[in-house]
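A.B. asks: What follows is a single structure, and I will ask about it in a moment.
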Amino acid sequence: MTLHIPFDNTYAALPPVFYTKQSPVPVKAPELIAYNAALGAELGITAGGTAELAEVFAGNRVPDGSDPLAQLYAGHQFGNYNPQLGDGRAILLGEAVGPEGARRDIQLKGSGRTPYSRGGDGRAWLGPVLREYVVSEAMHALGIPTTRALAAVTTGETVWREEGGLPGAVLTRVASSHLRVGTFQIFAARGEQAALRQLTQYAIQRHYPGADGPMGLLRAVRDRQAELIAAWMSVGFIHGVMNTDNSSISGETIDYGPCAFMDVYHPSTVFSSIDRMGRYAYSNQPDIAVWNLAQLATALIQQAEDPQAMVEEATEIVHGMPALTEAAWLRRFGTKIGLADARPDDMALITDLLTRMAEEQADFTNTFRALGDAVEPDTGKVHDQFQEPESFDSWATGWRARLAQEADPMAVMAAANPVYIPRNHRIEAMIASAVAGDFAPFERLNTVLSDPYVVQDGAEDLRRTPAASEVVKATFCGT
Ligand code: AMP
Ligand code: MG
C-alpha cells in the first residue's frame, strides 16, 4: 500500500500574492520517529510503510496532490511591527479533507529555506520538534483547541545553533488553517485592499461560514480567542510568544516555542528566555489577546471604502473581549473547584484560593487535582501542596459551605483538573534522551498524556513536581 493523502487545496488556488510556491528541501537521511496513525486516519490518509512515511514527512518526496507553498504574513513581535515574516522554515503541503469532511492544513516545519527565511537556515532541531509534538498532542487530549502533530522525522543532518551542532528534524503539523492575525496585517499595511477582501472572504468561508463581513469575522475570532485564553489559564499554560503572527484566526493554539505549563503557581510566571519584560507572562495573556484582536480589527477595517465607518463597531467588538474571557475563566475555574455553573459572586472564592496558592508556592496542577479529595475535611493530599496548611483550611471552610449547593462536585472537579500535564523538566529530560538516541521517554509521555484526566498505573512519577535541581527556569524558541 502506498501513502495517499486526500488533498484538496484551496489556499494554493488563491492568487500568488498570498504565498510563494516552493517545495521542501530534501534532507540527507530521513528516519521516522513518530507517525500519529489515529490523526492520519481522521485526515483520510492511508499510510504506506515506514520508509515512505519518513520520505514524505521529511520533504524528500512531495506526495501526489500536494501543491507545496510558503505562506506570506507579517506580525507584531513583542509589540513591534515586522512588515514581513512568512513561512521561513515551513512548507504547506496542502489541505486534506478527511472522511468527516473537516479540512485541515498539513504543514512541514523545519523543511528548508524559503524566500521568507531571512537570515535563518529553514531548519529545526530535534528538541523543539519533539517538544511541539508532545505538548500539542497533550493540549488536544486536555480538550483545548490546538494544532496537532502528525509526524516527526530526523533528517540525518546537523543543525547549528548557539548550543553547537544538533540533530536536525522535521515536524508535520496539522491545523484547521494557518491563517494568522499577521496574515491580515501584511495586506492591510501594504494597502492591498483587494487581497485583504479576498482573504477575509476566504477566512469566513473556511472557518465561520455564518459570519457577516469583516466585523462578523472579527466577532467570531474574538469569541474563539476568549475561550482559548481562558482554557490556557485553566491548565496553567503559558504560550510564551503571543505575537500576532502566532495568533490563529481559527482560535487554535499555534506555534509552540518557549511555551510551558507552570509547576508552582504564580501569576507573573514567565519562562521564555526572550521575554525579558514579561509581556507574555501567565496573567498578561488575556490582555495580550485583546491587544492582538485590536491589531486584527485595525487590519480588517482597511478593506472598507471608508475605514472610519467601521471604527465604532470594531471598537465595540474589541472592548467586549475582556468580559467574554472573564466569563469563560469563571466557568472553567468554577469547575476546577467543583462548581458546575459558577456565578459572578463565586469569583472571590476562586481568586482567594489562587492568592493563597501563590503565597504558599502550591503546585498548580497537583493542588487543583487534590481538591477532589478534600471535599470532606482532613482528607487528601491537598495539605502537602501548601507550606502552611492552615492557609488552605481557612479557605476551605467557605468552599465547603458553597459546595453544599452542588450536586456532584467531585465529578465536576475530576473532569476539570488534569492529573498529568507535560511538565517542563520531563520535556527537557525526554529531549536529552532522544538526542542520545533513546525515544522511549518521548513515547511514554505521549501515551500517558493522551489520557490526562485519569490516574494511570505506573505513572505516579509523571505527577511529581521538579526537584530543585530539575527546575526549568527558562525555555527557548529553539529556532
Ligand atoms: P516563530 O518564532 O516560529 O513564530 O517564527 C518567527 C519567524 O521567524 C517566522 O517567519 C519563521 O518562519 C521565522 N523563522 C524561525 N526560525 C527560522 C529558521 N530556522 N529559518 C528560517 N526562518 C525561521
Ligand atoms: Mg510563528
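The values are calculated or read from the model by the stated rules, or taken from the named source; none is laboratory data. Every value quoted in this text rests on a predicted model; they were computed, and no experiment measured them. With ideal geometry, Cβ positions are generated from the backbone for all residues, glycine too; neighbour counts draw on all protein chains shown. Note: areas computed on protein heavy atoms with side chains; ligands, DNA, RNA excluded. Shrake-Rupley method; radii C 1.70, N 1.55, O 1.52, S 1.80 Å.
A.B. asks: What do you get for GluC sites (Glu not before Pro) in the stretch 253-344 restricted to DSSP loop and a cutoff of at most 16 other Cβ within 10 Å of the site's Cβ?
C.D. replies: Sites meeting the loop and neighbour criteria: Glu305.
A.B. asks: Here's a follow-up. Taking a ≥ b ≥ c as the square roots of the Cα gyration tensor eigenvalues, with a/c under 1.5 meaning rounded and otherwise prolate when a/b beats b/c, else oblate, which class fits the stretch 234-352?
C.D. replies: Note, shape of the stretch 234-352 comes out oblate.
A.B. asks: Let me confirm the definition first: pairs of Lys residues in the chain, 8 or more apart or on different chains, C-alpha distance under 29 Å. How many are there? Display every interim value, and only then the final one.
C.D. replies: Working: Lys21/Lys109; Lys28/Lys109; Lys109/Lys473; Lys336/Lys381; Lys336/Lys473; Lys381/Lys473.
The result is 6.
A.B. asks: Compare the Cα positions of Pro83, Phe7, Phe368 along the charge dipole of the chain (+1 at Cβ of Lys, Arg; -1 at Cβ of Asp, Glu; about the Cα centre) and return the one farthest towards the positive end.
C.D. replies: Farthest along the dipole direction, towards plus: Pro83.
A.B. asks: Compute the accessible area per residue over the chain, keeping the other protein chains in place, probe 1.4 Å, unit Å².
C.D. replies: Averaged over the residues of the chain, the accessible area is 39 Å².
A.B. asks: Once the dipole of the chain is set up with Lys and Arg at +1 and Asp and Glu at -1 on Cβ about the Cα centre, which of Ser394, Leu69, Gly320 lies farthest towards its positive end?
C.D. replies: Result: Leu69.
A.B. asks: Now for a separate question. Which residue, Tyr208, Leu171, Met233, has the largest displacement toward the positive end of the dipole of the stretch 144-240 when charges sit on each Cβ (Lys, Arg +1; Asp, Glu -1)?
C.D. replies: Going by the charge dipole, the pick is Tyr208.
A.B. asks: For the chain, what % of the accessible area comes from carbon and sulfur atoms, probe 1.4 Å? Numbers along the way, then the final one.
C.D. replies: Details: 9790 of 18650 Å².
The computed percentage sits at 52.
A.B. asks: How big, on average over all directions, is the shadow cast by the Cα convex hull of the chain, in nm²?
C.D. replies: Working: hull surface 90.5 nm².
If you wrap the Cα atoms of the chain in a convex hull and average its projections, you get 22.6 nm².
A.B. asks: Remind me, relative contact order of the chain in percent, using alpha carbon pairs under 8 angstrom and six or more residues apart?
C.D. replies: 14 percent
A.B. asks: What's the magnitude of the charge dipole for the chain around its Cα centre, counting Lys and Arg as +1 and Asp and Glu as -1 at the beta-carbon? Answer in Debye, nearest 20.
C.D. replies: Approximately 1240 debye in magnitude.
A.B. asks: Tally Lys and Arg at +1 and Asp and Glu at -1 over the other residues with C-beta under 11 Å from the C-beta of Tyr73: what net charge comes out?
C.D. replies: Summing Lys/Arg as +1 and Asp/Glu as -1 gives -1.
A.B. asks: Ratio of the stretch 161-285's C-alpha Rg to 2.2 N^0.38 Å, to two decimals?
C.D. replies: Its radius of gyration relative to the 2.2 N^0.38 Å reference: 1.22.
A.B. asks: Still on this structure, I have one more. Relative contact order of the stretch 232-352: what whole-number percent is it, with Cα pairs under 8 angstrom and at least 6 residues apart? Intermediate results must be reported in sequence, preceding the final value.
C.D. replies: Details: 119 pairs, mean separation 25.3, N = 121.
Relative contact order here is 21 percent.
A.B. asks: Averaged over every viewing direction, what's the projected area of the C-alpha convex hull for the stretch 209-267? Give it in nm², one decimal, please. Before the final figure, lay out each step's value.
C.D. replies: Details: hull surface 18.6 nm².
Mean shadow area of the hull around the Cα atoms is 4.6 nm².
A.B. asks: Separate question: Express the C-alpha Rg of the stretch 330-416 as a ratio against the empirical globular expectation 2.2 N^0.38 Å, rounded to two decimals.
C.D. replies: After normalising by residue count via 2.2 N^0.38 Å, the value is 0.96.
A.B. asks: Extent of the stretch 60-206 along each principal axis, from alpha carbon coordinates, in Å, largest to smallest?
C.D. replies: 44, 40, 34
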